[in-house]
Amino acid sequence: MAMGGNKLRKLEFLAADALREGADTLITAGAIQSNHVRQTAAVAAKLGLHCVALLENPIGTTAENYLTNGNRLCWICSIPRLKCATH
């Protein structure tokens, strides 16, 4: 990948684990213009995996420039804010 940093380094281990477990899809969540989401989509594509990205609009803007620029590596649809449960 032509990206770097600690997020990509962590993703390297997570993707390797997903492949080892036989996964066919990487799932991630983040803001509309999240670099982590973009990197996850790129890694999934490179590895031949599907990617599901749960995107949120944390600043609540309706500015078209913010909503349509950013994560162009995936199909985007809006979902309501989700609450995550932890174990």
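Here the gap between PHE13 and ALA31, fully extended at 0.36 nm per residue and compared with their Cα-Cα distance, gives a gain of 4.3 nm. Modelled spin-label separation between LEU47 and ASN6, with each label point placed 7 Å from Cα along the Cα-to-Cβ direction: 2.1 nm. Our coupling estimate for the range 29-43, obtained by passing each phi through the Karplus curve with A = 6.51, B = -1.76, C = 1.60 and θ = phi - 60°, is 9, x, 6, 3, 9, 5, 5, 4, 4, 4, 5, 4, 4, 5, 5 Hz, Gly and Pro reported as x. Averaging 1/r over every pair of different alpha carbons in the range 6-68 and inverting the result gives a Kirkwood radius of 12.5 Å.
Quick one: putting +1 on the C-beta of Lys and Arg, -1 on the C-beta of Asp and Glu, what dipole do you get for the range 6-68 around its Cα centre, in Debye to the nearest 20?
That gives the range 6-68 a dipole magnitude of about 240 debye.
Computed from the coordinates by the stated procedures, all read-outs in this text should not be read as laboratory data. None of these values were measured; they are calculated from a predicted model. Don't worry about glycine lacking a Cβ; one is built from the backbone with ideal geometry, like all the others, and counts go over all protein chains shown.
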